[in-house]
Amino acid sequence: MPDSATETSGPEFDAILQAVAEQPAGATFSDLASHKKLRLSTRTLQRRLERLVAEKRLIAEGATKARRYHLPTKSTSQPEIRSVSVKSSASSVFGAEAQKLRALIRRPLTQRTPVGYQGRFLESYQPNKTFYLPAATRKQLLQSGQVGLSELPAGTYLRQVLQRLLVDLSWNSSRLEGNTYSLLETQRLLELGTTGEGHSARETQMILNHKQAIEMLAEEAEGIGFNRHTICNLHAMLSDNLMSEPEACGRLRSRAVGISGTVFHPLEVPQLVEQRFDQLLAKAEAIRDPFEQAFFVMVHLPYLQPFDDVNKRVSRLAANIPLIRHNLCPLSFIEVEAADYVDGTLVVYEQNRVECLRDVFVWAYQRSCARYAAVRQSLGDPDPFRLKHRAIIGDAVRAVVQGKMNAAAAKRALPKHAATLPAGERVQFIEVVQKELSALHPGSIMRYRLRPSEFEAWKKACLSQE
């Protein structure tokens, strides 16, 4: 199914909702599993309920065994896409032209003309000649996003703020998909492995997938780009354990998909999807301005719907690729209203106009810059030695932990790691690694691609050897 605002359409979902409606006090899982009109396996029913809850078409109350499902009341239900309420902040997000376009996609579906994928929308874009972002806007974004590290290796700045970004981007991108984890619950999940109470396994998996994908972008910063390898692997990580067909992770779709809540019908022929996907990536990679590049991907990846699902999530993380490569402030979608984002995307789908989504993009990036300016100020300037040798320092820390070495064993092993460095830098290298090891804790191990189990095993081994 496509990555859309409402994924729960179809006879199975309708039957579940009808069965719940028959129970005024709420339906238990047993009620639904035994319902004569629901002939679903236990696992399939669980997945369908998780989706309905995630998209707020059902309300789940109570612990797992005693959980009851209710239809949302008028006061708790989430409006359809076309009637999402506009919060007061919207006036500062959308300009006059965007407001006019937004009104078009807020009309009832019956008043909007069905439209299919328009190939000329992509074909007419000429990299470095066509610009969705005006020159003044690109200049403004560059001034806001520069952090003074443009001459350093790609990903340097991302690694500085990685701990904060993992939480911010994982939470905000998931929140835009209807995930109900709070920011604090997300932080506890990513840093301590603590699952939030009352949340579905699907919501937990979604956030963990974001963490994995962001870490991949950080680790492979110098090699990522707008190519099949990067984008398909990004999709594989973001969709892991969330697709009804596991083989669909990281693969272009081979079937037609539909998106409810809109009159847009994505491209259906698999060969044409593949052709447009390659064309999209070639144009994206050719764009020189990092902000134009980021926004181009946010426009065209969801519009093409190249994967069965998770397309918008891929586009949000892919938009960070040029920012990572140029050591610019990342885009974490802080404070972006889901209704604003959805409306911007629907205007692209139905009108092939970018003004709404552009206003959201620019506003969101400025908010992200303000946040990470404060984060970076608290971090101070990076240590040039650690920056220069970050890869070998990471290898050494990882080797000590995974080898369950105590202080004495590490002292004997570290000179071997330092042997490739100039003689004058080896003593400092060993001191830096020892300092990193002494400061290592559960909230920082992800920097070194270590699992909590490895860290705990190392700590226990060190204590037993003292």
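Observations
- Within segment 44-62, the set of residues being out of contact with any Gly (no Cβ under 8 Å at 6 or more places or on another chain) and either modelled with pLDDT under 80 or outside the structural domain of ILE16 (by TED's automatic domain parsing) (or both) comprises just one member, GLY62.
- Matching option when the condition is modelled with pLDDT of 95 or more and closer than 19 Å to ARG367 by Cβ, among LEU317, LEU346, LEU328, LEU323: LEU317
- Filter result for PRO270 (over 24 Å from ARG449 (Cβ atoms) and at pLDDT 95 or above): no
- Selection within segment 202-254 - acidic (Asp, Glu) and within 22 Å of TYR181 (Cβ to Cβ): GLU203, GLU215, ASP240
- Within segment 28-43, the set of residues being polar (S, T, N, Q), closer than 25 Å to ASN241 by Cβ and not in a loop (DSSP other than H, G, I, E, B) comprises THR42 only.
- Residue ranges of helices (runs of 4 or more DSSP H) in segment 401-466 with at least 3 members touching a Phe, Trp or Tyr at 6+ places or on another chain (Cβ under 9 Å) and loosely packed, with under 14 Cβ neighbours inside 10 Å: none
- Checked against the criterion of being assigned by TED's automatic domain parsing to the domain that holds ALA364 and not in a helix (DSSP H, G or I), the candidates ARG288, ARG276, ARG313 yield just one match: ARG288.
- Flag set for PHE307, criterion: on the phi < 0 side of the Ramachandran plot, outside any helix (DSSP H, G or I), buried (at least 22 other Cβ atoms within 10 Å of the Cβ) and of a type in the set (Phe, Trp, Tyr).
- Scanning segment 337-357 for residues being buried (at least 23 other Cβ atoms within 10 Å of the Cβ) and of a type in the set (D, E, K, R) gives a total of 2.
- For segment 285-297, the count of residues that are in contact with a His (Cβ under 7 Å, 6 or more places away or on another chain) and either over 23 Å from MET243 (Cβ atoms) or charged (D, E, K, R) (or both) is nonzero.
The values are calculated or read from the model by the stated rules, or taken from the named source; none is laboratory data. All values reported here derive from a predicted model rather than from experimental measurement. Cβ: placed from backbone, ideal geometry, glycine included. Neighbour counts: every protein chain shown.
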